[in-house]
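The values are calculated or read from the model by the stated rules, or taken from the named source; none is laboratory data. Because the structure is a prediction, the values reported are computed rather than measured. Cβ coordinates were reconstructed from backbone atoms using ideal geometry, including for glycine residues, and neighbour counts include every protein chain displayed.
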Amino acid sequence: MVVSKKSVAFDEDVARQAEERAGERGFSRFVNDAVAQRLQAIRVAELHAEYEASSGPVSEETRADVAAEWEAATSRRE
C-alpha cells in the first residue's frame with residue numbers, strides 16, 4: 001500500500017480522545033480508518049441523492065422494511 005503523509009491540525013480535546021482510543025493500532029491508522037468511514041458515508045449519501053433524483057423519494061414502507069432488516073442483521077452480530 002502506498003502511503004501519503006499529511007500534516008493536519010486537531011482541536012486539542014479531539015486529538016487527546018483519538019490518541020486514547022487509537023491504542024496499539026496507532027494514531028495514523030485510527031485517523032485513516034475514520035476518514036475512510038466518513039468518505040464511505042458521503043458516498044452513500046451521494047448515491048441516495050442520485051437515486052431519489054432519478055426515482056423519487058424512498059417510500060415510508062421501504063424505509064420501515066430496511067430499518068427492520070438492519071435491526072435483525074445487527075442484533076445477530078451481538
- Item | Count of the stretch 33-60 residues which are surrounded by fewer than 11 Cβ atoms within 10 Å (Cβ to Cβ) and either of a type in the set (D, E, K, R) or touching a strand residue (DSSP E or B) at 6+ places or on another chain (Cβ under 8 Å) (or both) | 5
- Item | Verdict on Phe30 being part of a helix (DSSP H, G or I) and surrounded by 10 or more Cβ atoms within 10 Å (Cβ to Cβ) | yes
- Subset of the stretch 61-78 [of a type outside the set (Lys, Arg) and either surrounded by 10 or more Cβ atoms within 10 Å (Cβ to Cβ) or touching a strand residue (DSSP E or B) at 6+ places or on another chain (Cβ under 6 Å) (or both)]: Thr62, Ala64, Asp65, Val66, Ala67, Ala68, Glu69, Trp70, Glu71
- Item | Condition met for Ser7 (assigned to a loop (DSSP other than H, G, I, E, B) and of a type in the set (Ser, Thr, Tyr)) | yes
- Query: Does Ala53 satisfy the condition of being among the small types (Gly, Ala, Ser) and at pLDDT below 95?
  - Reply: no
